[in-house]
Amino acid sequence: MNQEKIELRVLNPRGEIEAKVASSPSPRIADLSGKRIGLYSNMKQGMDNFYTVFEEIMKKKYPEATAMKVSGAFLIRDEDAEAMAKEADAFVYGVGD
Amino acid sequence: MAGTVKLEKLGLPGVFMNCDTFDDDAGSAAVDNGMPAVRHHKISSAEFYKLRGSVETIRPLVEKIFDELVDAIVTPLTSEETDTSQLPPDTDGLPQLLYIGDSYEEAYENFNQSYLVKQWGDGLPMVAPTPDRIRWMLTGTKRLSQEVLGTINPKNGTATIEKIAINAVMAGARPEYFPVIISVIEALTDNKFDDLHVLASAGSFGLLIVVGGPIGKELNMNSGIGFLGHSNRANNTIGRAVRLATLNIGRTWPAKNDMALIGRLSAHTFFTFAENSDMSPWQPYHASRGFPAEQSCVTVASIHGSGPLQHFYGGMIMTWTADGILDRMVDDLLRSSRRTLREWGQKGMGVVPGSGVGANNHMVILFPELVEEYKKMGYDQTKLQDEIYRRVSVPYEDLTSEEIEAIKTGMELGVVPPERKLVFEKALHPGEKVPLLMMPENIHLFVAGGAPGCAFSFNYYRVPPYTHTAIMTRPITGATLTRAGV
């Protein structure tokens, strides 16, 4: 005996995300020699230790490279971002998460 | 991730470093911030968190990944990474879905299981959002179903009245509750309200949702004994509708982009209740925010997830006095505010000075029997706020030099709001008392519960990490099924 199937039609609860144009990351630098590398961290503990070692290793491998350590907000403030963009050639961004 | 994208957009090549626990979150945030190909490099959570305590312990990990981080900076971008074509609108599936079963129960179970697998549910069984049920929900408001309220973080999904209605149905809410739910979402979608931190941060933060004015009674909300508990449909489904709407419109999921380490206390309904207007001798809370007392409003506030409430006692076991409860309140605020006083000298976690550090908001909930006693003592809300503010202060001579320096630095950095600078300039002298709260308005007084009298509070940053405020009151409007909130 064929039993009639029950159909349950329901609506999608997800909020639509608008279409947007994807941005591309910036072109990379050729190497670190002679470059200034921004090292950004927020206030979470331990990133300063990480960057201390990072800078030591960088100095050994790329003696001409320098570091620009900046610590600030989770989302880098405009003034810090503009200063880093002006003074550094590349960056590492670590927030301790 | 937003900071990395900001630097990349300024022309600086870089790499975002994240622990593997946050790798899904980082990838998701890259898309949310419009740069899906931004380079992020994961490191071992198990190693990083344990080893970062000192330069020597972290050294082997940095040595291990140094070249990988450099590679991310120097290896040319691929054609895929430089693709800047338009990302299509993301609807996450078809507008309607069909579930079939041999019986109604089977179809219903298929719907529930499927929605949970899609990460569209909260783990409890849901009411099926059928077109008929959505139409029923929409009868509770005059507002048009396609009206857009704004977007919800972290993925900026668009909150329309219809999408909120779908989630409200799934939560088990009734149409007469719907205007309250809409007003809560209006607060969360307001650009000034920091919904990102409360919905996504590792700190397991939560929401306090307080309904004030006559609509609470019309909806039979529990404002008396047990007001934060189970059993009341309005309290629980209003909160659950907000839970599901934020989950589905903002598109959060635990350990994916909702990184709350222990989950969220009251995870399914948040902390949702109505003020007890019948028993309170005071005006409702929203009157202190500039709304007419007779209007119906809802207040939404972020609250800390750890040690979520401080209890100042009262109750039915021990004898108590209103003075004694006030003393305990002041004592608790003195201790907790003193602990974070040195943070006033920090610029903060976000764009607004003082964001996410020091100087909290305190959402204090007082039982009506206690408020009657305060009224006899001559306190209305403003006077009690002022009294608490005045007493949560310490003699200048008792402050350490670091604490004094922190307040002074906070004044320079703008952590102390400009309009409060004069207060602290006058207080920072021998013989004066220095407030540990930024202003009396950081104490928010609500009345709920009944007899016996008691009091407790939640707290949260005065300024949240990502935007301007974490407490907002909205009027309830557009109701069609209640006398209030029209």
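Is it the case that A:Arg14 is within 7 Å of another protein chain (Cβ to nearest Cβ), free of Cβ contacts under 8 Å to residues at least 24 places away in the same chain, closer than 30 Å to B:Ala241 by Cα and assigned to a loop (DSSP other than H, G, I, E, B)?
On the way: within 7 Å of another protein chain (Cβ to nearest Cβ): yes; free of Cβ contacts under 8 Å to residues at least 24 places away in the same chain: yes; closer than 30 Å to B:Ala241 by Cα: yes; assigned to a loop (DSSP other than H, G, I, E, B): yes.
Spelling it out, A:Arg14 is indeed within 7 Å of another protein chain (Cβ to nearest Cβ), free of Cβ contacts under 8 Å to residues at least 24 places away in the same chain, closer than 30 Å to B:Ala241 by Cα and assigned to a loop (DSSP other than H, G, I, E, B).
Hey, could you check segment B:332-364 for residues that are within 17 Å of the chain's Cα centre (by Cα) and part of a strand (DSSP E or B) and say which is farthest from the other protein chains (Cβ to nearest Cβ)?
For segment B:332-364, the residue satisfying everything is B:Val364.
Give me the pairs, please: first residue somewhere in segment A:53-66 and surrounded by 14 or more Cβ atoms within 10 Å (Cβ to Cβ), second residue anywhere and part of a helix (DSSP H, G or I) and of a type in the set (A, V, I, L, M), beta-carbon distance under 7 Å, and either six or more positions apart or on two chains.
From segment A:53-66, the pairs are A:Val53/B:Val55; A:Val53/B:Ile58; A:Val53/B:Val62; A:Phe54/B:Val62; A:Ile57/B:Val62; A:Ala65/A:Met58.
Mind checking which residues of segment B:191-226 are more than 14 Å from the chain's Cα centre (by Cα), outside any loop (DSSP other than H, G, I, E, B), surrounded by 23 or more Cβ atoms within 10 Å (Cβ to Cβ) and not β-branched (Val, Ile, Thr)? Steps first, please.
Quick first cut of segment B:191-226, residues more than 14 Å from the chain's Cα centre (by Cα) only: B:211-226.
With outside any loop (DSSP other than H, G, I, E, B) added as a condition, the list becomes B:211-212, B:215-218.
Now restrict to residues that are surrounded by 23 or more Cβ atoms within 10 Å (Cβ to Cβ): B:211-212, B:215-216.
Those that are more than 14 Å from the chain's Cα centre (by Cα), outside any loop (DSSP other than H, G, I, E, B), surrounded by 23 or more Cβ atoms within 10 Å (Cβ to Cβ) and not β-branched (Val, Ile, Thr): B:Gly212, B:Gly216.
Quick check: is even one residue across segment A:19-37 in a strand (DSSP E or B), more than 7 Å from chain B (Cβ to nearest Cβ), buried (at least 21 other Cβ atoms within 10 Å of the Cβ) and within 25 Å of the chain's Cα centre (by Cα)? Let's see the steps before the verdict.
Step one: of segment A:19-37, the residues in a strand (DSSP E or B) are A:20-21, A:36-37.
Among the residues that remain, those that are also more than 7 Å from chain B (Cβ to nearest Cβ) are: A:36-37.
Subset that is buried (at least 21 other Cβ atoms within 10 Å of the Cβ): A:37.
Now narrow it down to the ones that are within 25 Å of the chain's Cα centre (by Cα): A:37.
Among the residues of segment A:19-37, at least one is in a strand (DSSP E or B), more than 7 Å from chain B (Cβ to nearest Cβ), buried (at least 21 other Cβ atoms within 10 Å of the Cβ) and within 25 Å of the chain's Cα centre (by Cα), which makes the answer yes.
Since B:Gly150 meets every condition but one in (1) within 19 Å of the chain's Cα centre (by Cα); (2) touching a residue at least 60 places away in the same chain (Cβ under 8 Å), which condition does it not meet?
Every listed condition holds for B:Gly150 apart from (2).
Taking segment B:452-472, which residues are part of a loop (DSSP other than H, G, I, E, B) and crowded, with 23+ Cβ neighbours inside 10 Å? Step through it out loud before you land on a result.
First, pick out the residues of segment B:452-472 that are part of a loop (DSSP other than H, G, I, E, B): B:452-453, B:462-468, B:470.
Once the filter is applied, which keeps residues that are part of a loop (DSSP other than H, G, I, E, B) and crowded, with 23+ Cβ neighbours inside 10 Å, segment B:452-472 yields B:Gly453, B:Arg462, B:Val463, B:Pro464, B:Pro465, B:Tyr466, B:Ala470.
From the list B:Glu403, B:Glu425, B:Glu419, exactly one residue is part of a helix (DSSP H, G or I) and closer than 24 Å to B:Met329 by Cβ. Which is it? Spell out how you get there, then give the answer.
Details: B:Glu425 fails: closer than 24 Å to B:Met329 by Cβ; B:Glu419 fails: closer than 24 Å to B:Met329 by Cβ.
That would be B:Glu403, the only listed residue that is part of a helix (DSSP H, G or I) and closer than 24 Å to B:Met329 by Cβ.
Do we find that B:Asn220 is among the polar types (S, T, N, Q), modelled with pLDDT of 95 or more and in contact with a helix residue (DSSP H, G or I) (Cβ under 7 Å, 6 or more places away or on another chain) in this structure? Break it down stepwise before answering.
Numbers: among the polar types (S, T, N, Q): yes; modelled with pLDDT of 95 or more: yes; in contact with a helix residue (DSSP H, G or I) (Cβ under 7 Å, 6 or more places away or on another chain): yes.
Here the answer is yes, as B:Asn220 does meet what is asked.
Please note which helices (runs of 4 or more DSSP H) are completely contained in segment B:51-147 and include at least 2 residues that are touching a residue at least 24 places away in the same chain (Cβ under 8 Å). So that I can check it myself, show each step before the final result.
Numbers: elements: B:55-74, B:104-117, B:131-138.
Output list reads B:55-74, B:131-138.
Give B:Leu445, B:Leu428 a once-over and let me know the one that is over 20 Å from B:Arg339 (Cα atoms) and in contact with a strand residue (DSSP E or B) (Cβ under 8 Å, 6 or more places away or on another chain). Quick ask: steps written out before the conclusion?
On the way: B:Leu428 fails: over 20 Å from B:Arg339 (Cα atoms).
None of the other options fit; the residue is B:Leu445.
Within segment B:275-298, identify whether any single residue is in contact with a helix residue (DSSP H, G or I) (Cβ under 7 Å, 6 or more places away or on another chain), among the hydrophobic types (A, V, I, L, M, F, W, C), farther than 30 Å from B:Asp122 by Cβ and not in a loop (DSSP other than H, G, I, E, B), and answer yes or no.
Looking for residues that are in contact with a helix residue (DSSP H, G or I) (Cβ under 7 Å, 6 or more places away or on another chain), among the hydrophobic types (A, V, I, L, M, F, W, C), farther than 30 Å from B:Asp122 by Cβ and not in a loop (DSSP other than H, G, I, E, B), one finds none in segment B:275-298, hence no.
The values are calculated or read from the model by the stated rules, or taken from the named source; none is laboratory data. Every value quoted in this text rests on a predicted model; they were computed, and no experiment measured them. Cβ atoms come from the backbone with ideal geometry, glycine included; neighbour counts cover every protein chain shown.
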